[in-house]
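Q: Okay, handing you the structure first.
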Protein chains: 2
Amino acid sequence: MVSGGVTKFAKALPTMDFRMRVKKAFDYAMNDAGITLDQIDGSVASYFADHFQRQLMSGIMVQDYLGLTPKPSKRVEGGGATGGLAFQTGFEEIASGRMDVCAVYGFESMSHVNTWKGNEFIALASDTNFDYPVGGFYTGYYAMMARRHMHEFGTTVEQLAKVSIKNHKNALNNPYAQSPMNLTVEDVRNSPMVASPLTRLDVCAMSDGAAVAILASKEKAFELSDHPVLVKSIGTGTDTMRLADRPFLKVPLLPNETEGDYSKLEYPGIHSFRAGRTAAKEAYQGAGITDPLEEIDFVELHDAYTSSEIQTYEDLGLCKYGEGGSFVESGKADLGGKVAVNPSGGLLACGHPVGATGIMQSVFAFWQLQNTIGKHFGNDKLQVKNAKRGLIHSHAGTGTYVTVSIMEAVQ
Amino acid sequence: MVSGGVTKFAKALPTMDFRMRVKKAFDYAMNDAGITLDQIDGSVASYFADHFQRQLMSGIMVQDYLGLTPKPSKRVEGGGATGGLAFQTGFEEIASGRMDVCAVYGFESMSHVNTWKGNEFIALASDTNFDYPVGGFYTGYYAMMARRHMHEFGTTVEQLAKVSIKNHKNALNNPYAQSPMNLTVEDVRNSPMVASPLTRLDVCAMSDGAAVAILASKEKAFELSDHPVLVKSIGTGTDTMRLADRPFLKVPLLPNETEGDYSKLEYPGIHSFRAGRTAAKEAYQGAGITDPLEEIDFVELHDAYTSSEIQTYEDLGLCKYGEGGSFVESGKADLGGKVAVNPSGGLLACGHPVGATGIMQSVFAFWQLQNTIGKHFGNDKLQVKNAKRGLIHSHAGTGTYVTVSIMEAVQ
């Protein structure tokens, strides 16, 4: 990776067209590394819902607006994991030898659609024959998983709140974040209930935004940038659309796990993300990681819900199965802790403009590994000291697509 | 490529779910080469419109139905070129070393939606701020291009009709085709006018269908199949969403062209597809092709309109700029002619279930190069004799995304 750019994620920017948003992030990335248009061989477009845009094929409109026609491009999509999948596709464009330099652009404009309608669009991303007609919705699915986690492992709502507090607090120093906040456990618990046990502050918000990552082959990377960052490995997993199809599915073991960690559980498929573990396993194999907590300095993960951050600690092997609640409580996931999780503020505090989110994570990770957070944020309070290796994690549906990519500083 | 499968393309198969359709094509491909599920490393999903399905993330539902979870997957989309882009993404999954065996599955269910509503969905794939509000629609855009081609080069409606006659006739021997027909010029001209000069028989139909291509690394290919086919090279181009932005854009030259061939034209961007030429150029470079007419044995191209087949002859360098009309008249594009174009019947006669179409082309090309059309069609009348090299061509919008891939028989 040789450069990146992000717009401020925010609600209600109706005057800014989605193309303008992407161009803003794109220009930032191009200028930051001094890259010119003729050096870009092609692109990958990342956006979720044609419905939100009331426009199919938005990607080609962005391609044109950026001045990238007639170069190759395609759209990659996979719900909430769209950004992560597009980033990995950019990686494959380079690794396959097809392109030397690839621009991956992600965007979403959501806030012009009212929440009710927006929820309807998002609900169409669950099984419309089974779940949708009976009122199934994502907050409900996640609430159910959280309840099971609490029942099985004794996880508490206070532990969920800790995730919200940590991420919103980190965002106080991230100028790109939508909702920086200083919160207490009481604030989180007293905010409006969405789906018990998840309150308003346990759930990320819809957002408008764009993010751009520019990837290059090894040779080109050193031509284009003084400080490229290595994309060491990628991993992807998938799972059934419906939670109901998942309770008894076997969960893959991570390198630092033994069967005993989950084999006694009644419903492993409900509180663990099989796709997340599959993705982590592939990425760890590719990077030669056997002890994630020791070998990874920071993680930008898909915390659409506080409970899913806790589930994901476990699925990434940062702690043992069932110990996600105490993990956040221990402070190990804090900035300055053992492994900073969502130093940017994550989706909870940055916002979640779907197609942009996974790309945003890659940009923040890129800056961390370049040691340039101070330059790009205007303050270096969120810079993870001596960050050598970061993990980015993108996640769709109830865990239908999950991507994990490992990025490393280049000495 | 080691195997392929296609369902019969047809209208009104409401009792068959899109998953069942894909499974049918998938099982055919798996059985034909004797491939087992555990040999598949991952997949690429190809489908166009969430709107048609009234279901987002259909790809993951197919992934699950085929038994491919938790393996990696992603959806690739690019309007009418979705299938071609997904096929090329499968190629890149292999070429990048990420997978050894990749299943690329394409599908679309369109006929349950009435034509009026379907047209509205498709219209959302044009610029909804400029073209859509003033009644712009694809048949109109193509009619405009056809008119300009006629004005500039003297192309006739009878020449357009020849394309329809040829493709519908070829389909008489293709058991997978939706509309095999024996037609005369009068039949085509007397069918209902859609957008002058294009009649009903100048335009492809909406369809239901699925197609699957299984791609493998060189090593794996020879393990899995006695008759693999080489995907020699790929090319992709893009262009502006609106025709109105295109008239004066410079058109790339093909290896066998000189500037004089189009430099005197007033509006090169209206009767040539810049993205098509860009894609062809990249694919020809990759395959070392300098004289397409001599070096390619057959072409499966995106004939959504008879006029676009004529335009595409030129953009693929099968004839000179402006000579597409006389090219089809000469019989060179007939089965048994210099280069068989759409021996399968193309989109005009096979139907165009968007996400499946480009994959279908790859399957037919695969069988041609395996010399197994007789086996798969039940008759070998459409087998191109001594086919050594084929070209497949997928196309979106008014030429916004175009893919060209070159496939070769393995000796």
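Q: In percent, what relative contact order does segment B:49-167 have, based on Cα pairs under 8 Å that are 6 or more apart in sequence? Mind showing how you got there, number by number?
A: Numbers: 52 pairs, mean separation 21.7, N = 119.
RCO, segment B:49-167: 18 percent.
Q: Starting from the Cα of A:Lys381, step 7 Å along the direction of its Cβ; do the same at B:Asn31; then give the gap between the two resulting points in nm.
A: Here the answer is 6.5 nm between the modelled labels.
Q: Counting Lys and Arg as +1 and Asp and Glu as -1, what is the net charge of the other residues whose Cβ lies under 13 Å from the Cβ of A:Ala365?
A: On the way: positive: A:Lys232, A:Lys388, A:Arg389; negative: A:Asp297, A:Glu300, A:Glu408.
In short, 0.
Q: Sticking with this one: In which sequence would A:Phe222, A:Phe121 go, from the one with the fewest C-beta neighbours within 10 Å to the one with the most? It would help to have the intermediate numbers written out before the result.
A: On the way: A:Phe222 14, A:Phe121 18.
So the ranking, lowest neighbour count to highest, is A:Phe222, A:Phe121.
Q: Taking amide H positions as placed in the peptide plane 1.01 Å from N, state which residues far from A:Ala210 in sequence (5 or more) or on other chains have amide H under 5 Å from it.
A: A:Thr7
Q: Once the label point is placed 7 Å from Cα along Cβ, list for B:Val185 the distances to the corresponding points in the other copies, in nm, shortest first.
A: Result, one decimal in nm: 8.6.
Q: How large is the translational diffusion coefficient of chain B in µm² per second when you combine the Kirkwood radius over alpha carbon pairs with Stokes-Einstein at 10 °C and 1.306 mPa s? Before the final figure, lay out the partial values.
A: Details: Rh = 20.8 Å.
Translational D for this selection: 77 µm²/s.
Q: I would also like to ask the following. Looking only at B:Leu243, B:Leu347, B:Leu85, which one moves most when chain B is put into a Gaussian network model with springs between Cα atoms under 10 Å?
A: Residue with maximal mean-square fluctuation among B:Leu243, B:Leu347, B:Leu85: B:Leu243.
Q: A further question follows. Does segment B:287-411 come out rounded, prolate or oblate, given a ≥ b ≥ c as the square roots of the eigenvalues of its C-alpha gyration tensor, rounded meaning a/c under 1.5 and, failing that, prolate meaning a/b above b/c?
A: Rounded.
Q: Assume the label is 7 Å from Cα along Cα to beta carbon: what separations in nm does A:Lys388 have to the matching positions in the other copies?
A: So the label point of A:Lys388 gives 5.5 nm to the other copies.
Q: So in chain B, what percent of DSSP beta bridges are antiparallel if you round to the nearest 5?
A: Antiparallel: roughly 70 percent of the beta bridges in chain B.
Q: Hey, which aspartates and glutamates would be in cross-link range of A:Lys169, C-alpha to C-alpha under 18 Å, not counting anything within fewer than 8 residues on its own chain?
A: Once the sequence-local aspartates and glutamates are set aside, what remains near A:Lys169 is A:Glu158, A:Glu186, A:Asp187, A:Asp202, A:Glu300, A:Asp303, A:Glu309, A:Glu329, A:Asp334, A:Asp380.
Q: Here is a further query. For A:Asn182 and A:Gln411, compute 0.36 nm times the residue count separating them, minus their Cα-Cα distance, and round to one decimal in nm.
A: Numbers: separation 229, 0.36 × 229 = 82.44 nm, distance 3.62 nm.
Additional length available on full extension: 78.8 nm.
Q: What whole number of Å gives the distance from the Cα centroid of segment B:183-218 to the Cα centroid of segment A:1-71?
A: Spelled out, the Cα-based centre of one part sits 34 Å from the other.
Q: Report the relative contact order of chain A, percent, no decimals, based on alpha-carbon pairs under 8 angstrom and at least 6 residues apart. The partial results should precede the final answer.
A: On the way: 985 pairs, mean separation 104.2, N = 411.
Relative contact order for chain A comes out at 25 percent.
Q: Checking the a/c ratio against 1.5 first, then a/b against b/c, what shape does the Cα gyration tensor give for segment B:72-114? If you can, show how the numbers build up before the last one.
A: Working: a/c = 3.64, a/b = 2.43, b/c = 1.50.
Since a/c reaches 1.5 and a/b is larger than b/c, the shape of segment B:72-114 is classed as prolate.
Q: Mean shadow of the protein assembly as shown, computed from the convex hull of its alpha carbons, in nm²? Kindly include the intermediate steps, with their values, before the conclusion.
A: Details: hull surface 123.8 nm².
For the protein assembly as shown, averaging the hull's shadow over all directions gives 30.9 nm².
Q: How would you rank A:Thr398, B:Thr400, A:Thr115, B:Thr199, going from fewest to most other Cβ atoms within 10 Å of each one's own Cβ? Working shown, then result.
A: Numbers: A:Thr398 27, B:Thr400 30, A:Thr115 11, B:Thr199 21.
Going from sparsest to densest Cβ surroundings: A:Thr115, B:Thr199, A:Thr398, B:Thr400.
Q: Over chain B, with a Gaussian network built from C-alpha contacts below 10 Å, which listed residue (B:Glu92, B:Glu219, B:Glu152) shows the highest mean-square fluctuation?
A: The residue that fluctuates most here is B:Glu219.
Q: Further question on the same structure: What is the diffusion coefficient of segment A:314-353 in µm²/s, taking the Kirkwood radius over Cα pairs and the Stokes-Einstein relation at 4 °C with a viscosity of 1.567 mPa s?
A: Numbers: Rh = 10.9 Å.
It comes out at roughly 119 µm²/s.
Q: Per residue of segment A:394-411, what does 6.51 cos²θ - 1.76 cosθ + 1.60 with θ = phi - 60° give for ³J(HN,Hα)? Whole Hz please, x for Gly and Pro, Karplus curve as stated.
A: Ordered by residue, 3J(HN,Hα) equals 10, 8, 10, x, 8, x, 7, 10, 9, 10, 10, 10, 10, 10, 10, 5, 9, 5 Hz.
Q: For the residue pair B:Asp226 and A:Asp245, what label-to-label distance in nm results when each label sits 7 Å from Cα along the Cα-to-beta-carbon direction?
A: 3.6
Q: Sticking with this structure for a sec: Which whole-Hz ³J(HN,Hα) couplings does segment A:193-208 yield from phi under the Karplus relation 6.51 cos²θ - 1.76 cosθ + 1.60, θ = phi - 60°, glycine and proline marked x?
A: Rounded to whole hertz, the list is 6, 9, 8, 3, x, 8, 9, 3, 8, 8, 10, 6, 10, 5, 7, 10.
Q: Using just the helices of chain A, give the 222 nm mean residue ellipticity in deg cm²/dmol: DSSP H runs with n ≥ 4 each add -39,500 (n - 2.57), and the total is spread over all residues, rounded to 500. Walk me through the numbers before you get to the answer.
A: On the way: 17 runs with 159 residues, N = 411.
So the helix-based figure for chain A works out to -11000 deg cm²/dmol.
Q: So which residue of A has the beta-carbon closest to the axis that swings A onto B, and how many whole Å away?
A: A:Ser96, 2
Q: Then there's this: Subtracting the Cα-Cα distance from 0.36 nm times the residue separation, let me have the gained length for A:Thr258 to A:Ser191 in nm, one decimal. Mind dumping the intermediate values first?
A: On the way: separation 67, 0.36 × 67 = 24.12 nm, distance 3.92 nm.
Full-extension gain reported as 20.2 nm.
Q: Another one. Between their Cα atoms, which of A:Lys74/B:Lys320; A:Lys338/A:Lys381; A:Lys218/A:Lys381; B:Lys162/B:Lys338; A:Lys23/A:Lys218; A:Lys218/A:Lys388 are more than 21 Å away from each other? Walk me through the intermediate numbers first.
A: Working: A:Lys74/B:Lys320 29 Å; A:Lys338/A:Lys381 17 Å; A:Lys218/A:Lys381 31 Å; B:Lys162/B:Lys338 16 Å; A:Lys23/A:Lys218 26 Å; A:Lys218/A:Lys388 18 Å.
Over 21 Å Cα-Cα: A:Lys74/B:Lys320; A:Lys218/A:Lys381; A:Lys23/A:Lys218.
Q: In which sequence would A:Ser217, B:Ser307 go, from the one with the fewest C-beta neighbours within 10 Å to the one with the most?
A: Numbers: A:Ser217 19, B:Ser307 30.
The most exposed by this proxy come first: A:Ser217, B:Ser307.
Q: With θ set to phi - 60°, apply the Karplus curve 6.51 cos²θ - 1.76 cosθ + 1.60 along segment B:378-393 and write out the HN-Hα couplings as whole Hz, x wherever there is a Gly or Pro.
A: x, 7, 9, 5, 9, 5, 6, 5, 6, 5, 10, 8, x, 10, 10, 9
Q: Mind checking which of A:Gly378, A:Gly397, A:Gly325 has the largest fluctuation in a GNM of chain A, springs on alpha carbons under 10 Å?
A: Maximum fluctuation in the GNM of chain A, among the listed residues, is at A:Gly378.
Q: Quick one: label points 7 angstrom along Cα→Cβ at B:Thr372, distances to the other copies in nm, smallest first?
A: 5.1
Q: Below 12 angstrom from the Cβ of B:Gly67, what's the summed charge of the other residues (Lys, Arg +1; Asp, Glu -1)? Before the final figure, lay out the partial values.
A: Values: positive: B:Arg19, B:Lys23, B:Lys71; negative: B:Asp27, B:Asp38, B:Asp64.
Once positives and negatives cancel, what remains is 0.
Q: Let me ask another. By its C-alpha gyration tensor, with a ≥ b ≥ c as the square roots of the eigenvalues, how is segment B:176-334 shaped: rounded for a/c under 1.5, else prolate for a/b larger than b/c, else oblate?
A: Numbers: a/c = 1.79, a/b = 1.17, b/c = 1.54.
Verdict is oblate for segment B:176-334.
Q: Then there's this: Given the convex hull of the Cα atoms of segment B:285-335, what is a quarter of its surface area in nm²?
A: Averaged projected hull area, Cα only: 3.7 nm².
Bear in mind that the values in this text are calculations on the coordinates, not laboratory data. None of the values given here were measured: they were computed from a predicted structure. Backbone-built Cβ (ideal geometry, glycine too); neighbour counts: all protein chains shown.
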